[in-house]
Structure formats: structure tokens, C-alpha cells
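Notes to accompany the following structure.
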Amino acid sequence: MKDPQRAPAGSDKEPAAPNPEPGQIPPPTGYQFSSRKARRHAERTGMIPVVQPDSALKHDGGTNQDAAPADTLAGGGATMPDTAPADTHEAEAKPSTGTDVMPVEAAKETKPGAMRAGDAPEAEADESTKAADAVVPSRVRGKRANPEPRPVSAAAVTGLPPVPAAGGAVSALPGEAAVKAPRTPKAGRDLPAAIGVGLTLLVLVIGTLLFYPVGFVGLATIFVGVGVWEVSRAIAGKGIHAPLTPVMVGALAMPACAYFAGPEGLLFALVASAAATVLWRSLDSEPGAVKSILAGLFVLMWIPFLLSFVFLMLRVEEGPTTGLTLDLGSISPGVLEVIIMLLLVVANDTFGYLVGVLFGKHPMAPKISPKKSWEGFAGSLGGAAAVGILATVFLLEQPWWVGLALAIGMVFAGTGGDFAESMIKRELGVKDMSNLLPGHGGVMDRLDSILFAAPVAYAIFTVLGRF
């Protein structure tokens, strides 16, 4: 007799596997899955077996002794061992293999009248069919060929009630819930620290202006040096290294030349510093000389040269004041002009900040400075106009329109200087030039408005002083 070819795995003609022995059946609690998704997949595909207890099997008194074991697996795709002789219609088409395994449907289709010679008696076949029908569940008994697997619930296997899933989002851990993110101010900086540092700097600057102008020149020169260092460091982050030595020497020399030598001394210091920067970098063999020279000239023109107009205002026609000034009644007009300019710059920043935080909704230049709004700009105009009119009338004894013109010029110049520094910082990819001043950032974040306001104030006072 020729052995039949084995059917491919997973095909309809593949013989069903026999049921495991009762001792090999794991308990229902032994079915564990790595995740809920795996368990749901097993339930949908019928991979979780269901144990039919012995009490569920009802045998008749004349049941064949070769029936299935007491504990039998049932479910989608379950099979039964061969308990009847191999004399079915399907056995005629497909010879039996070495293992006596037969599908349940084939056992149910056994007909006593189809026996051949040597087969079991008709009564024995009927008893075998009844035993198979008793073991197979009713839902499998109703199908004749290839029943599709049906999902079995986990509750039927474990006997435990299902746990409902949480309806909302999973809450954070207790440790994470206790940690709160720091509150960010609407204007992007610490207001108490900014006010404290601003008032300290204002008192220090006003005090040196009133009582010791040379001390004010020295203090401003220190600010210039720090500002040059901040900008040079920020530019170096982009791979452009300005020649710091000639630039720093020229930056420290320009304020003194402007205060003691006037406009001619300032112009001479600028030309000498630029020439020294070009010569210094030309002697260096490192690549990128053009970018380095241009960066050095930019720093010289932006910080020390523009700020030196403050010292040109501070200087009077009779010459610079070198000693202490204890008599406030004899304060020079240059000192008052510098004080009024600084008050207008502070008023521009303060009123613009307060009004912008409270009412700002329309940004002026979102791509350059998103936090500056038109409402804040209007607040700067109103506050600076009030301060400028009062200061020029009571301190300089000038008409009110002089203070108004000065205030408008300071607001436009200060806002333009702020925008210029914001654009440079965005180009360099930095938020602040440094963190030396809490609440303000770096020194350049305070000098940005003054740098553009100083030349405008010097021009307005020079032109209006002739009338």
C-alpha cells in the first residue's frame, strides 16, 4: 500500500492534530500574554483553548470503551481522536496514515450501511458516533466542513470578570504631577529683577553724571568694553573671529577721545582703530580675513563710535569737567542733556513694556521682535512725550515743543536700535548677548536703544540750540 502525500501545512486537507492528554493541558490561569493587544488577538482568532470538564460529557450506558479522554479541548478548529472504525466515505478517498486521527465531521458522517468486509458491527459504529456527538459542542456539531475559528473570551478561560479600560487619558505619575513647570512671564523676562537692575544702573549713572562726570566716562567705557566682548563672542559662534585686540583698544580709546578732544578726536580714534584692525588681521595667515576685518569694523562702528556721541553732548564749549561737582546749581547744560536723553530712553522702554504687556495684540515686526506691539509703541510715544515736555521745560527752560520733538526722536531711534539688535541676535542664533544683568540679559541688551538714540539726541540739541 502506497503512503499518501502529506497535505501542506495550513491547507484544508491537512489532518487535524489529536487532543492533548489531560495532564498536559495547562490551567486557564497559565495562559499569559505580553500585552493586552496579544490577548485580544488570541481571543479573536480562537487561540485560547477552553477546557470542557468531565461533568459536561454525558455518556450513555453502552458507550464504547475507546471514547475520547475525560478532559477534551473544544473551540474553533478543535478535533477529536478516532473512536470509530475507518470506514467512512472520506476514508475511501484518502487512505489512513500511521496515526488514527480523524476529523470530527468525518466521524459524524459515518453511516452504518456503508461498511465493507472486516468492518465493525453496526451497533458499535452507532455507539461511537454518539460518543463523538457528546464530546463535540453543539455549535461545532451543526457544521459539516472546515468550521472557521471563533473568538473565545478571556472571561470564559480565567473565570474572572473583565476589567473596564480607563475612559479618559492616563494621568501623570504622582512625582511628575507634583513638579510644576516654571511660569514664563508674558513679556519673556523676570519683571522684578529687570526693575531692580534698571533702577540700580539708573541711580549709578545719574549719580556719576551729577557729581563726577569723568567717573561717568569711565563707567561708560567699561560698558563699551563688555559690549564689544559680547558681540565678538556671539559673532565667533558663527565661525567669524574679529581681531579682538585692536578692536578692544579702539573701543576703549574712543570715549576718552570724544570727551577730551571733541568730534575731531572721535573721528581720529575711529580711523586709527579701523586701520589697526585691517593691519592686524592682514598679518595673520588664518583664512577668512575679509570676514574677520568686516566683523571688526562693524563692532567698532556700532558700539563705541555711536555711544561716543553721549560724551560729545557731555562736553561743553569751555572744555570737559574733570573734578567733582558738589554744587547742583552749577550743573553744566551737557550733563542735563545727557540726563534727559537717558530719561527718555528709559521712558520709552518702560511705558512700551507696560502698555505692551497689558494691551499689546498687534506685533510690529513678528519676524524680528514678536513681543513688540503697536500698542506698546503708542505707550512709548505717550510716556516719552510727557517726560520730555516736563524735562525740557523745567530743566532746560526750553519751549514744550522742543521736548515733544526730542521725545518723538528718542522713541523712533530707541525702537530702531532695539530692532537692530534683535535682528542681529536672530541672525546669530542667540536670545541674549549674555546673562550678566539679571532680567535684562547682557550689557548690549541695555545699550541697544542708547546707541541709536545718542546721535539723534546730539543732532537735535545741536540744531535746536541755535534758535
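No value in this document is a laboratory result; all are computed from the given coordinates. As the structure is a computational prediction, the values presented were derived from the model and not from experiment. Heads up, the Cβs are rebuilt from the backbone with ideal geometry, glycines too, and the neighbour counts pull from every protein chain shown.
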Legend entry - Residues LEU436 and LEU191, FRET efficiency given R0 of 22 Å [Cβ-Cβ distance, rounded to 0.05]: 0.75
Legend entry - Cβ-defined net charge surrounding THR277, 14 Å radius [Lys, Arg +1; Asp, Glu -1]: +1
Inset, instruction - Using just the alpha carbons, could you tell me how many Å³ per residue the convex hull of region 305-459 encloses? - result: 133
Legend entry - Fewest-first sequence of MET423, MET254 by Cβ atoms within 10 Å of each Cβ: MET423, MET254
Legend entry - Proxy reagent accessibility, fewest Cβ within 10 Å first, across MET341, MET364: MET364, MET341
Inset, instruction - Just list whichever of LYS372/LYS431; LYS238/LYS367; LYS291/LYS372; LYS238/LYS361; LYS238/LYS372 have alpha carbons separated by over 24 Å in the model shown. - result: LYS291/LYS372; LYS238/LYS361; LYS238/LYS372
Legend entry - Environment charge of SER449, counting only residues whose C-beta is closer than 11 Å and scoring Lys/Arg +1, Asp/Glu -1: -4
Inset, instruction - Obtain the nm distance between the two label points defined at PHE394 and GLU317 by a simple spin-label model: each point lies 7 Å from its Cα along the Cα-to-C-beta direction. - result: 2.9
Legend entry - region 373-467: projected area of the alpha-carbon convex hull, averaged over directions, in nm²: 7.0
Inset, instruction - Answer with one residue from ALA384, LEU428, GLY414: the one whose Cα lies farthest towards the positive end of the charge dipole of region 356-428, charges on Cβ with Lys, Arg +1 and Asp, Glu -1. - result: LEU428
Inset, instruction - Provide HIS362, HIS241 in ascending order of the number of other Cβ atoms located within 10 Å of each residue's Cβ, fewest first. - result: HIS362, HIS241
